[in-house]
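A.B. asks: Sharing a structure with you now.
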Number of protein chains: 2
Amino acid sequence: MKIGFIGVGIMGKPMAKNLMKAGYRLVVYDINKEPVKELVTLGAEEGYSPKDVAERTDVIITMLPDSPQVKEVILGKDGVLEGAKKGSVIIDMSSINPAVSKEIAKKAEEKGIEFLDAPVSGGEPKAIDGTLSIMVGGKKEVLDRCYDILSKMGTSITLCGDVGSGNITKLANQIIVALNIAAMSEALVLATKAGVDPEVVYKAIRGGLAGSVVLDAKAPKILARDFNPGFKIDLHIKDLNNAMATAQEVGIPLFLTSQVMGILQSLKIDGKGLSDHSAIIQFYEKLAQIEVKKKD
Amino acid sequence: MKIGFIGVGIMGKPMAKNLMKAGYRLVVYDINKEPVKELVTLGAEEGYSPKDVAERTDVIITMLPDSPQVKEVILGKDGVLEGAKKGSVIIDMSSINPAVSKEIAKKAEEKGIEFLDAPVSGGEPKAIDGTLSIMVGGKKEVLDRCYDILSKMGTSITLCGDVGSGNITKLANQIIVALNIAAMSEALVLATKAGVDPEVVYKAIRGGLAGSVVLDAKAPKILARDFNPGFKIDLHIKDLNNAMATAQEVGIPLFLTSQVMGILQSLKIDGKGLSDHSAIIQFYEKLAQIEVKKKD
């Protein structure tokens, strides 16, 4: 079985490499030719369009920035659906609007092509290690057919429900992460401005009900003034944009998510779009005219 | 050394019992005579006013609902400061406004009396087990003198800084807890309303960056529709009220804390003041016209 891989950027390239290491034969495509060349030197074949990739493979994986790119690559001119054979499977591992996943799945189904949405979490380090968490939406039997492929890229593979459920689960994840960072930010900025050493606060509260993976992953970096990504503000804006669109579609208000979206957008305007999302604290620091940092 | 204990309610009573078990002699006082009688049958002496308690003891612990009660009991007529001997120590273990801690400490100091603010986290179960986390504000030498006493009530004792720092740290803790619950609520209500099983979402995301003590402690209870406290909405309103007052005093905005304060107040108006704070999700459920629960 040959696998197509479209989108070999920061995440896609190491994921493709892990498939090749496991013995899968790949046809790769990206508008950026640099990583394609690199993968070809490692033994991959080059595809010349999404359509071409789909014609030459049985399973087509896409790993792209957001909904518009996924629609273009799969539904557009010279796109995957123009080339894909009946019975083939498209696995979109991008993090996109779940409504778009459903729209694409419907159009694929009309041509007898299966579709899974399978966004990931864990970022570049886990993409490299092949230890991503993969949240899958689609038919169980289609996931069963693709399980071995996914297991070369991730260690936790969860079937969340029908098509779109993978992305809905991912959005739930991203809402919690953004808000937990904002929660930590309001707490640490208040304590610091009120005169308490934020490192003492962090150590005093981390073992109790306020404890979280975000607190342990981000507070020490904030205290060391390290805002290198990790996960970029720009990408979190994209995810929350999809969360807000989904909330709008199902008709519910997300009060805090809306607020933190505003904070992220303010940070982007301030030139921090490429900072780690823990830079949320810098929005509060600027207003408070302090920095949450280690005592000298 | 004799210890005074003023306020022997849900938290204070088991804390006093642990001191007695450790061999300390106690003089106890509460406006509610029931728990006082119970402690007297266990060997405590009854105090007849805060002043009386202070006259008969060297260390006076207060465990009261909020700032006004602490001010009344310590600074008021027949209060602790009227009876306390020079060189004695007041340990206020209530969770109150840090500005009030500072005000009381100043008045105590004028009479040669030491003061620590030492609010706790962990709730009734850890008060009973003597495993509370105690966040202390005050002088190191005063804490050193009182360390053995505190160690009978808690297992984690952190000196956070000068007087008031214990309560500031506690407020930071309570901000994070409230917002992490709201984060989980927005995520799970969105996913449920969008058609995904919330239990699947919980299990898919709990091991990653969205993981938190709140998520693991509260999501399973929400899925089982168990909103028994735990920690009551009414008490969390009190704490966030003190957090907002502190933010106002130091001059910073807490966007998300303000918002979740409004949500808590809405729930109180809806008659849920005595529910666990995880009932924050019910605010969203009502708007979404769904329940986040286990599939039948």
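A.B. asks: Using the structure shown, list the pairs from A:LYS107/A:LYS232; A:LYS17/A:LYS170; A:LYS102/A:LYS152 with a Cα-Cα distance above 30 Å, or answer none. Don't skip to the answer; put the middle values down first.
C.D. replies: Values: A:LYS107/A:LYS232 32 Å; A:LYS17/A:LYS170 24 Å; A:LYS102/A:LYS152 25 Å.
Exceeds cut-off: A:LYS107/A:LYS232.
A.B. asks: Please report the antiparallel percentage of DSSP beta bridges with both residues in chain B, rounded to the nearest 5. The partial results should precede the final answer.
C.D. replies: Details: 4 of 29 bridges.
About 15 percent, rounded to the nearest 5.
A.B. asks: So what are the three principal axis dimensions of region A:68-136 from its Cα atoms, in whole Å, longest to shortest?
C.D. replies: Cα extents, longest axis first: 36, 23, 20 Å.
A.B. asks: Find how much the distance from A:LYS293 to A:GLN248 grows on full extension, using 0.36 nm per residue of separation minus their present alpha carbon separation; answer in nm with one decimal. Provide the component values of the computation, followed by the final result.
C.D. replies: Details: separation 45, 0.36 × 45 = 16.20 nm, distance 3.82 nm.
Taking A:LYS293 through A:GLN248 to full extension adds about 12.4 nm, to one decimal.
A.B. asks: Starting from the Cα gyration tensor of region B:190-296, multiply each eigenvalue by 5, take the square root, and state the resulting semi-axes largest first in whole Å.
C.D. replies: After scaling each eigenvalue by five and taking roots: 27, 16, 13 Å.
A.B. asks: Using the C-alpha gyration tensor of chain A, what are the square roots of 5 times its eigenvalues, in whole angstrom, with the largest one first?
C.D. replies: On the way: eigenvalues 293, 79, 55 Å².
Each semi-axis is √(5λ); the values are 38, 20, 17 Å.
A.B. asks: Angle check, please: helix A:140-151 long axis (alpha carbons) against the longest principal axis of chain A (alpha carbons), in degrees 0 to 90, nearest 10.
C.D. replies: So the helix axis and the longest Cα principal axis differ by about 70 degrees.
A.B. asks: Taking only the alpha-carbon atoms of region A:245-296, what semi-axes of the equivalent ellipsoid follow from 5 times the gyration tensor eigenvalues under a square root, in whole Å, largest first?
C.D. replies: Details: eigenvalues 155, 29, 17 Å².
Its equivalent ellipsoid spans semi-axes of 28, 12, 9 Å.
A.B. asks: Got a sec? Which residues of region A:240-261 lose 30 Å² or more of accessible surface with every protein chain in place, vs. that chain alone, 1.4 Å probe?
C.D. replies: A:VAL250, A:ILE252, A:PRO253, A:LEU254, A:PHE255, A:LEU256, A:GLN259
A.B. asks: Rolling a 1.4 Å sphere over the protein heavy atoms, what is the accessible area per residue of chain B, to the nearest Å²? Walk me through the numbers on the way to the answer.
C.D. replies: Values: 11470 Å² over 296 residues.
Value for chain B: 39 Å² per residue.
A.B. asks: For the pairs A:LYS33/A:LYS86; B:LYS71/B:LYS140; B:LYS126/B:LYS218, flag any whose C-alpha to C-alpha distance is greater than 22 Å.
C.D. replies: Values: A:LYS33/A:LYS86 29 Å; B:LYS71/B:LYS140 24 Å; B:LYS126/B:LYS218 17 Å.
In this structure, A:LYS33/A:LYS86; B:LYS71/B:LYS140 lie more than 22 Å apart at Cα.
A.B. asks: Take the rotation relating chain B to chain A, measure from its axis to every Cβ in chain B, and name the nearest residue with the distance in whole Å.
C.D. replies: Residue nearest the B-to-A axis, with distance in whole Å: B:SER212, 2.
A.B. asks: Calculate how many DSSP beta bridges within the protein assembly as shown are antiparallel, expressed in % of all such bridges and rounded to the nearest 5. Mind showing how you got there, number by number?
C.D. replies: On the way: 9 of 59 bridges.
Roughly 15 percent of the beta bridges in the protein assembly as shown run antiparallel, per DSSP.
A.B. asks: Any idea what diffusion coefficient region A:120-243 gets from Stokes-Einstein, in µm²/s, Kirkwood Rh on alpha carbon pairs, 10 °C, 1.306 mPa s? Numbers along the way, then the final one.
C.D. replies: Details: Rh = 16.5 Å.
Answer, rounded: 96 µm²/s.
A.B. asks: On average over all directions, what projected area in square nanometres does region B:7-66 have, based on the convex hull of its Cα atoms?
C.D. replies: Numbers: hull surface 15.2 nm².
So the mean shadow area of the Cα hull is 3.8 nm².
A.B. asks: How high is the relative contact order of chain A, given as a whole-number percent (alpha carbon pairs under 8 Å, six or more residues apart)? Before the final figure, lay out the partial values.
C.D. replies: Working: 554 pairs, mean separation 40.5, N = 296.
Relative CO of chain A lands at 14 percent.
A.B. asks: Let me make sure I get this right: for the protein assembly as shown, a, b and c are the square roots of the gyration tensor eigenvalues over alpha carbons, sorted descending. Under 1.5 in a/c it's rounded, otherwise prolate if a/b > b/c, else oblate. Which is it? Could the numbers behind the result be given before it?
C.D. replies: Numbers: a/c = 2.89, a/b = 2.45, b/c = 1.18.
The shape class here is prolate.
A.B. asks: Would you kindly work out, in nm and rounded to one decimal, the distances from the label point of B:ASP216 to those of the same position in each other copy, ordered shortest first, with label points 7 Å along Cα-to-Cβ?
C.D. replies: The projected label point of B:ASP216 is separated from its counterparts by 0.8 nm.
A.B. asks: Give me a single rounded figure for A:161-171: the average over its residues of other chain Cβ atoms within 10 Å of their Cβ. Write down the numbers at each step before the final one.
C.D. replies: Working: counts 7, 2, 0, 3, 8, 2, 2, 9, 12, 4, 6.
Going residue by residue through A:161-171 and averaging, the value is 5.
A.B. asks: To the nearest 100 Å², how much accessible surface do chains B and A hide from each other in total, with a 1.4 Å probe? If you can, show how the numbers build up before the last one.
C.D. replies: Working: alone 13910 and 13910 Å², together 22950 Å².
When B and A are taken together, about 4900 Å² of accessible area is lost.
A.B. asks: In whole Hz and in residue order, list the ³J(HN,Hα) couplings for region A:208-222 that follow from phi through the Karplus curve 6.51 cos²θ - 1.76 cosθ + 1.60, θ = phi - 60°; x for Gly and Pro.
C.D. replies: With coefficients 6.51, -1.76 and 1.60, one gets x, 5, 7, x, 7, 5, 4, 4, 6, 7, 9, 4, x, 5, 4 Hz.
A.B. asks: Using alpha-carbon positions, what is the distance between the centroids of region A:215-250 and region A:48-106, in Å?
C.D. replies: After rounding, the separation between the Cα centres reads 26 Å.
A.B. asks: Follow-up question, since we're still on this one. Quick query: amide H of A:ILE90 versus all other amide H atoms, modeled in the peptide plane; which residues come in under 5 Å with a sequence gap of 5 or more or a different chain?
C.D. replies: A:ILE60, A:GLU114, A:PHE115, A:LEU116
A.B. asks: Hey, what do the phi angles of region B:5-20 turn into as Karplus ³J(HN,Hα) couplings, whole Hz, using 6.51/-1.76/1.60 and θ = phi - 60°, x for Gly and Pro?
C.D. replies: Calculated HN-Hα couplings, in order: 10, 10, x, 10, x, 4, 8, x, 4, x, 5, 4, 4, 5, 5, 5 Hz.
A.B. asks: For B:GLU291, which inter-copy label distances result when the label point lies 7 Å beyond Cα on the Cα-to-Cβ vector, reported in nm to one decimal and in ascending order?
C.D. replies: Nearest first, the other copies' label points are 5.2 nm away.
A.B. asks: What does the copy distance list look like for B:LYS111, label position 7 Å along Cα→Cβ, in nm and ordered from shortest?
C.D. replies: In ascending order, 8.4 nm.
A.B. asks: Right, next: Among the residues of region B:211-229, which ones have their accessible area go down by 50 Å² or more when all the protein chains sit together, as opposed to their chain alone (1.4 Å probe)?
C.D. replies: For region B:211-229, once contacts with the other chains are taken into account, B:VAL213 lose 50 Å² or more.
A.B. asks: Would you mind telling me the share, in percent, of accessible area of the protein assembly as shown contributed by carbon and sulfur at probe 1.4 angstrom?
C.D. replies: On the way: 11710 of 22950 Å².
The computed percentage sits at 51.
A.B. asks: Looking at the square roots a ≥ b ≥ c of the eigenvalues of the Cα gyration tensor of region A:2-163, which shape do they give, rounded for a/c under 1.5, prolate if a/b is larger than b/c, or oblate?
C.D. replies: Values: a/c = 1.44, a/b = 1.09, b/c = 1.32.
Rounded, because the longest to shortest axis ratio a/c is under 1.5.
A.B. asks: Then there's this: Which value, in debye to the nearest 20, gives the size of the charge dipole of region A:2-163 about its Cα centre, when Lys and Arg are +1 and Asp and Glu are -1 at the Cβ? Display every interim value, and only then the final one.
C.D. replies: Values: 22 positive and 24 negative charges, 48 e Å.
So the dipole magnitude of region A:2-163 works out to roughly 240 debye.
The values are calculated or read from the model by the stated rules, or taken from the named source; none is laboratory data. Model, not experiment: these values are computed from the prediction. Note: ideal-geometry Cβ built from the backbone for every residue, glycine included; neighbour counts use all protein chains shown. Accessible surface is based on the protein model in full, side chains and every heavy atom, while ligands, DNA and RNA are left aside. Shrake-Rupley method; radii C 1.70, N 1.55, O 1.52, S 1.80 Å.
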